[in-house]
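Undergrad: Can you keep this structure in mind? I'll have questions shortly.
Each reported figure results from applying straightforward, stated rules to the coordinates on display, with no laboratory input. Since the structure is predicted, the reported quantities are computational estimates derived from the model, not experimental observations. Methodologically, a virtual Cβ is constructed for each residue, glycine included, from the backbone with ideal geometry; neighbour enumeration extends over all protein chains shown.
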Amino acid sequence: MPETPTSLKRSRYFTSLKLKNRIDQLFKNGRKAFGSYLMLRYHSSADAVPPLRVVFAVKSRLGPATVRNRIKRRLREALFHVLKEGRVQISGFDLAIIPRKEVAELDFSELCDDLQHALRQVSSARTGTQKA
């Protein structure tokens, strides 16, 4: 099986947040950032490696399992695309991405732009500056 180049591995940019107590803490104490089609809940993490730990919180009211899975796949790919391109420099956060239903049918470039806008709010929260 051929090896994937290191620059193309998602784990270089983010990993999944799987511990229930951390996810619960994130939703209870985390701050919010908004895009037009999604909301981010974030909490500063002491770990710098991996740069981000992410959970995709897609509610069952967004549709059947196939639609929810498509939304998660699109969000995962959009996050990888935004971070890989270097459009946002962000690290040291636990992050929950909560999409709206429109994400399933949204143009991919528009999804990336919206995610980038929300991630910039998160990264500016660490430095204390607010960018529009």
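Undergrad: Using unit Cβ charges (K, R positive; D, E negative) and no other charged atoms, how large, in debye to the nearest 20, is the dipole of the chain about its Cα centre?
TA: Around 480 debye, computed over the chain.
Undergrad: Does the range 58-125 come out rounded, prolate or oblate by the C-alpha gyration tensor, with a ≥ b ≥ c the root eigenvalues, rounded set by a/c under 1.5 and, if not, prolate when a/b is larger than b/c and oblate if not?
TA: Cα axes put the range 58-125 in the prolate bin.
Undergrad: Please build a GNM for the chain, connecting alpha carbons under 10 Å apart, and tell me which residue among Pro64, Pro51, Pro99 fluctuates the most.
TA: With Cα springs under 10 Å in the chain, the top fluctuation among Pro64, Pro51, Pro99 is at Pro64.
Undergrad: Calculate how many DSSP beta bridges within the range 8-126 are antiparallel, expressed in % of all such bridges and rounded to the nearest 5.
TA: 60 percent
Undergrad: What is the spin-label model distance, in nm, from Asp24 to Thr66 if the labels are put 7 Å beyond Cα along the C-beta direction?
TA: Going from the Asp24 label point to the Thr66 one covers 3.6 nm.
Undergrad: With a/c under 1.5 counting as rounded, go ahead and sort the chain into rounded, prolate or oblate using the C-alpha gyration tensor (a ≥ b ≥ c being the square roots of the eigenvalues; past the cut-off, prolate if a/b is larger than b/c, else oblate). Write out the running numbers ahead of the final one.
TA: Details: a/c = 1.23, a/b = 1.06, b/c = 1.16.
Since a/c stays below 1.5, the shape of the chain is classed as rounded.
Undergrad: In whole angstrom, how far apart do the alpha carbon centroids of the range 70-86 and the range 9-56 sit?
TA: 14 Å
Undergrad: Just to confirm a number: summing +1 for Lys and Arg and -1 for Asp and Glu over residues other than Lys84 whose beta-carbon lies under 13 angstrom from that of Lys84, what do you get?
TA: Once positives and negatives cancel, what remains is +3.
Undergrad: May I ask which residue of Val54, Pro64, His43 lies farthest towards the positive end of the charge dipole of the range 41-119, with charges of +1 (Lys, Arg) and -1 (Asp, Glu) on Cβ and the Cα centre as origin?
TA: Most positive-ward Cα: Pro64.
Undergrad: Could I ask something else about it? As a test of the formula, what do you get for the chain when each DSSP H run with n ≥ 4 contributes -39,500 (n - 2.57) and the sum is divided by the residue count, at 222 nm and rounded to the nearest 500 deg cm²/dmol?
TA: About -12500 deg cm²/dmol.
Undergrad: How do the peptides 25-36, 68-79 rank, highest first, by the average count of neighbouring beta carbon atoms within 10 Å per residue?
TA: 68-79, 25-36
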